Amino acid sequence: MKFFREAALTVVCLVLGIMVAMQYRSVKINNTMAVYEQQRVNDLITDLLREQENNKQLQKRIDELQKDLENLRTGTNSENETIQKLKKENEKLEILAGLKTVKGKGLIITLESMDNTPIDDYSILSVLNELRAADVQALSVNDERIIATSEVRRVGSYMVVNGRKLLPPYVIKAIADPQKLENSLTVMAGVVDMLKYYNIKVDIKKDDNIIIPAVRNDGTVLRYDLLTPVD
C-alpha cells in the first residue's frame, strides 16, 4: 500500500511539474511577442516619416526638372544634349517616386488567413517594413504601388490601399535582390514566424520578371498642391 501511495504522489508531482513548465513557456512566448510587436511599430513609424520626407524631396526635384526641360525646349539645337540628360534624370526620379511602371527580379509574397480571421493592416505593414529594410526598390500590394504616402488600413474584412478596396489573399510584389529579401523575411523569430503565430499562411516565390505598376497620379494618392518649393 505504501508503494502505491508513493507512486501516486510521484505521478502527481510529475504532472504538476509539466503543467508549470508549459505555463512558463507560454508566458515567455507571449512576453517575447509583445516586445517584438512594439519594436515593429516603432520601426514602422520611423520608416514612414523617412519615406514621406524622401518623397517630398523627389517631387520637388521632378518639378524643377520639368520646368528646366520646358525652358530648354525653346532653346537652340546646341542644347539638345543637355535636354537629353535632363530627360534621363527626370525619368530616374519619376521611377523612384513611383510614377513609372517598373519591372525586375524579386519576390512575390502571398498572405492568406488559415482560420478565416481577417488579416490586419499591421501584418501587411510588417512585411512591407521588413522589405524596405532589405533595400527593396519597388513594392505593390494587389498591384497597388506602395509609395511613402500610401495608406494601408483594414476596414472590416478587407484592406484599403491608396484609397482602393482590396480583398484577400494579399499579394505583395517586391523588386530587389530575391535572396536578400527572402533571408530578411525568414530569419528566425522574424516576420514570417510572427505571421504564422497569428495563423497567417505565407507563400514566398522568387520571380525574375516582376512587373509593378505606376501609382495613380490623379490627385488621389500623390498630393502636393499645398507644397511650395523653397529656394
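The values are calculated or read from the model by the stated rules, or taken from the named source; none is laboratory data. Just so you know, these numbers come straight off a predicted model, no measurement behind them. All Cβ positions, glycine included, derive from the backbone under ideal geometry; neighbour counts span all protein chains shown.
When the residues of the stretch 102-118 are filtered to those that are modelled with pLDDT of 95 or more and among the β-branched types (Val, Ile, Thr), which remaining residue is farthest from the chain's Cα centre (by Cα)? Ranking the candidates gives Val102 first. Of the candidates Val230, Val187, the single residue that is loosely packed, with under 15 Cβ neighbours inside 10 Å, among the hydrophobic types (A, V, I, L, M, F, W, C) and either farther than 30 Å from Lys60 by Cβ or touching a residue at least 24 places away in the same chain (Cβ under 8 Å) (or both) is Val187. Where strands (runs of 3 or more DSSP E) fall wholly inside the stretch 110-223, the ranges with 2 or more residues that are in contact with a helix residue (DSSP H, G or I) (Cβ under 8 Å, 6 or more places away or on another chain) and farther than 24 Å from Ile95 by Cα are 152-155, 200-212. The criterion of being at pLDDT 95 or above, farther than 18 Å from Asn142 by Cβ and either within 18 Å of the chain's Cα centre (by Cα) or hydrophobic (A, V, I, L, M, F, W, C) (or both) holds for Lys206. Taken across the stretch 45-65, residues that are in contact with a helix residue (DSSP H, G or I) (Cβ under 6 Å, 6 or more places away or on another chain) and modelled with pLDDT under 75 do occur, with at least one present.
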